[in-house]
Ligand code: UD1
Ligand code: CA
């Protein structure tokens, strides 16, 4: 166990390389803004507090978890400037972990290791490094003849590093532990004497060493921890790694993910053991899946709850609750505030909005149900539709338990159908139906006998068929 520490996350950069109108700190990775990944990692590692440096637009306002707070860097004058902006609010009594807000793969475990290495070395600064096959864009680690870390050289702009330095494949991960007092003492000495004219935090390393400080390095064997996100390509790559890690955690916890490479699960999603997630499925925004549920293929579930033993196939489910043992799809659309009771069914080509479907009730085929309460065990025949909107406002349909709606029933809301009632196929129900009644609301059928024969005879006489209307004469 490492001792107490506090953390600082640098997330005030402009992120110009993203070419996005959205602040870089808010680019999303598996349902969490980029800059919040290191914040959560630091908290999970046991940080007593996390201070986040953000830009003057304050993009992280209201998004920080408990234990984190923000400070504004007025001008984006470099990572050194970001630390300067936070200096007044640092806890000088605790080792300070500094993380880049654009490096989401630095885990709680790595942070704990870094803290331990720092304490063990009695260092002024400890730097996390790793070797990359393609180190371009990263700060390179320069070691002295004894192998100790001497300084970090930047490579962003031509002129920052020389040819020999560019050959070095050991890079700075952008994760450090500092003795905060020593760090604050060298901050005023940082100068923008580089190709970018920025204040580089990495220059603090050489300055600390010049002043007799001890610099330690923790070289990670996992090259992925250093990966930073500066452009869209890196965003996509790092996102894929984060997703693979999330899927791996669920697999280890007993979730059957049939094809992890085709399954997208947000970081805040909960899935019980023995659930099966079939390919093409996206579980997003805090969705929860119960044990033995079968979800997918091709399901998108957003901020929804899928109960135990439920089966959801080819569906879009948003802010909805699916009860235990319920069945959804294939080809269903459950919109916000839909609640499917236990063992209920929303079948094929069915759209449901703001409605409760009672336990064991069924909406099996080709239906739109909006603003309705459907009682337990009710069965709505194919193409049952609620006419819930009169062009001005929405109205509710209430269908009692055990109701049987014939195919192609239209409920014109507001309307109430009593328990155990029936509707005839093709009925347009505009009035309440008492419990146990049969409501038939359609034109009566008329059979015109001998019609076909007479039609044929008229055609033989050269007369138009009986059903042909005379041409409409314009009324002048
Ligand atoms: C930085 C390191 C580099 C390291 C790499 C790891 C410096 C000078 N270089 O380079 O050695 O290999 O990270 O990913 O530190 N930021 C601010 N305010 C600013 C500028 C940046 O808060 O004025 C934040 C950014 O939002 C970002 C982080 O600091 O989250 C790193 O800045 P960035 O410009 O991306 O540095 P790199 O060029 O990636
Ligand atoms: Ca970066």
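Summary table below
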read-out	value
Computed lengthening from residue 21 to residue 252, 0.36 nm per intervening residue step minus Cα-Cα distance	79.4 nm
For the range 46-124 versus the range 438-463, the gap between their alpha-carbon centres in whole angstrom	83
Per-residue [θ]222 nm for the chain (sum of -39500 (n - 2.57) over DSSP H runs n ≥ 4, rounded to 500)	-5000 deg cm²/dmol
Burial order of peptide ranges 71-83, 281-293 (average beta-carbon count within 10 Å, highest first)	281-293, 71-83
Debye intensity ratio in log₁₀ form over the Cα atoms of the range 255-439, taken at each q of 0.10, 0.13, 0.18 Å⁻¹	-0.38, -0.61, -1.01
Overall Cα dimensions of the chain - principal axes, largest extent first, Å	112, 56, 39
In Å, descending, principal axis extents of the Cα set of the range 6-226	48, 38, 34
Full-stretch length increase - residue 365, residue 74 - with 0.36 nm per residue and alpha-carbon distance subtracted	98.9 nm
FRET efficiency, 1/(1 + (r/R0)^6) with R0 51 Å, evaluated for residue 291 and residue 169 via beta carbons	0.65
Among beta bridges that DSSP assigns inside the chain, antiparallel share in %, nearest 5	15
Theoretical FRET efficiency, 1/(1+(r/R0)^6), r = Cβ-Cβ of residue 245 and residue 432, R0 60 Å, to 0.05	0.60
Kirkwood Rh (inverse of mean 1/r, distinct Cα pairs), the range 178-285, angstrom	17.8
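Laboratory data are not the source of any read-out in this text; all were calculated from the coordinates shown. Quick caveat: nothing in here was measured; it's all calculated off a predicted structure. Note that each Cβ is placed from the backbone with ideal geometry, even for glycine, and that neighbours are counted across all protein chains shown.
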